[in-house]
């Protein structure tokens, strides 16, 4: 059995309990005093979610009184979606489980609104029962600050991303720790390429040393700076001039961490200012050294500046000129002219004509010199305008034009003499500009019957030309001449139609001249009607000679083939028969054999001559087959490869005489290639393409200068090309030669099919 406590023990136990109660009451009283004056809300929550204690601050945060808080369950304070979470947290803490007891959430106030809070919880024993001790801190202000900070950061980020400046941040060693996207526009580098790079590595070489010293000073004495100008290297090798601004950046301990700043591209401004300084320097140099005189006047026409060149122009010093009036500067006639101009301009300015203030005024005035002589000058002047476009003075340039005046006087006399010469020329002459005759002499009107007005109405000088092809050629020649190009040949023939409808053949020659300050062509016309008649007569005689020559060739060919060749063949057969006699001595046999061999070669030579004089098979096989055989034979004898091709010829009826001419043209063309071209290949094309029959002869030889070659052929009396031209003319056709040195040559012959071929 347990021993019963004595009275003394009971009294001692009661005393201890009373002391413990007193201490607990004291502790609760102290807790209540501290909690009621705390800045944060304090609540004690039991396992069933009711508040057994709440201080004043907790009640204020949630909109309740202290008494009401003791009746409020945690369910009423939590958002509906968080009630299970709150209840679970309380129960787990009361059970003593170990997990995070610090978090942020939103609580529902008495008014139904929510308030952001920061909660810190712990497990306690409250009056003998486990409970949840919770500290509630209202973070509404903090949240607002965070939102404001976030918004501010967004605005800053937006500003950095959209500003035309490049924003950056450097550490204490000058390395980039941040670079905005704009660095791509500035330097051509992506931000990732710049971050980690030292700023000195991006500077132009001449700026790196001074910038290194400057940045050291900024580290030793941190302060904001602006207006620091450097030149930086772009990724593409170009350079950009920037104005740098920066401000110190400190860490949380207050120590300098680096600099935050931005760069502004001032390349254009910098270059503009530099150009302006250079321009001002050049202007002053020019003003003080040019022969022209630069001057300024105020609105009362008093001289306010004159350049030193005035002394070279007129003999007066700058000071003497500054004190002169217009009456002293100008001769009487020029003074009158100047006053008329000045009064007119000032009158228009007074009427509000602002456009007049922006005009440049030009006048030619005669001025007095210090030695008593006069000089002619050209004056160009403009008003000096203020920021409101109001005239504040006049600036001008004076140039000595005495030589020009004398030249103009000489020119007037020269033009008068030229006009008399132009009008008295016996041959027609016209000045042509832009396809229009702008001047003709009387001889032109006498020959063609047109006045200048008639020509203008008819569409210009080219309207007189009869052939459209000749018009095209004339237009090209005039254009080349006006543009300063050499025209070859210098002379050419063309047919013009007079006012009476008469066709007048003329030889035309043109030269390039300047007329009224613009290029023009001075064209002379020589009436070659009589010469044309003589040339036609000569051509007719040549045609007859060629025809006679062909007939003689045919006769000679027949004689060679039918008589001489036959006689030689008989002799050849006879010698061959003699060789069969066995009684011949070896010496005689050898001599007869040699005679036989010579006879055989002579027969072949005569046969070739006969074929050359009269193409074999031309009548029997026709032109195409005969030319094909000739080209084949030519290739075998010369080693020049000939590519012959014809088209459409089979459908044409061609006389024997015409075939002879066409055959001779091709024959002569190939002979020229063999003699002069050094070609390896030749091309012959014979094509009937209505309304023309076209022969094209080409080679891949060394080519030649056409004009020089024609002159040389004429001097050397070579008839090959001329013979081809005459035969083409016999068939009423034309021949064109094209050749470039080193690129071969081409001959194109066009014969109308309507010609009696």
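Can you sort 504, 737, 440 by how many other beta carbons sit within 10 Å, fewest first?
Arranged by neighbour count, lowest to highest, 504, 737, 440 become 737, 504, 440.
When all C-alpha to C-alpha distances in the stretch 425-527 are sorted into bins of 10 Å, what percent of pairs does each bin hold, rounded to whole numbers?
16, 55, 28, 2
Suppose the chain between residue 362 and residue 566 were pulled fully straight at 0.36 nm per residue; how much longer would it get relative to their current alpha carbon spacing?
Values: separation 204, 0.36 × 204 = 73.44 nm, distance 9.94 nm.
So the extension gain works out to 63.5 nm.
Please compute the Cα-Cα pair-distance distribution of the stretch 38-142 with 10 Å bins starting at 0, giving whole percents from short to long.
16, 54, 28, 2
With each pseudo-label sitting 7 Å past Cα toward Cβ, what's the residue 551-residue 597 distance in nm, one decimal?
Between residue 551 and residue 597, the simple spin-label model gives 4.4 nm.
Pulled fully out, how much extra length does the chain show between residue 343 and residue 655, if you take 0.36 nm times their separation in residues and subtract their Cα-Cα distance?
Working: separation 312, 0.36 × 312 = 112.32 nm, distance 9.04 nm.
Going from the current span to full extension adds 103.3 nm.
How would 652, 627 line up from fewest to most surrounding beta-carbon atoms within 10 angstrom?
652, 627
Under 10 °C and 1.306 mPa s, how fast does the stretch 460-601 diffuse according to Stokes-Einstein, given a Kirkwood radius computed over C-alpha pairs? Answer in µm²/s, whole number. Write down the numbers at each step before the final one.
Details: Rh = 21.6 Å.
Translational diffusion coefficient: 74 µm²/s.
Please give the length that would be gained between residue 687 and residue 580 if that part of the chain were fully extended, namely 0.36 nm times their separation in residues minus their C-alpha to C-alpha distance (nm, one decimal).
33.0 nm
Let's test this: bin the Cα-Cα distances of the stretch 163-272 at 5 Å from zero up to the farthest pair and state each bin's percent.
Per 5 Å bin, starting at 0, the Cα pair percentages come out as 2, 12, 22, 28, 20, 10, 4, 1, 0, 0.
Sorted from fewest to most neighbouring beta carbons within 10 Å, what does the list 658, 120 look like? Don't jump to the answer; show the numbers that get you there.
Numbers: 658 20, 120 13.
If I rank by nearby Cβ atoms, fewest first, I get 120, 658.
Readers should treat all values here as calculations from the given coordinates under stated rules, not as data from a laboratory. Remember, it's a predicted structure, so these values are computed and weren't measured experimentally. Virtual Cβ from ideal backbone geometry, glycine too; neighbours counted across all protein chains shown.
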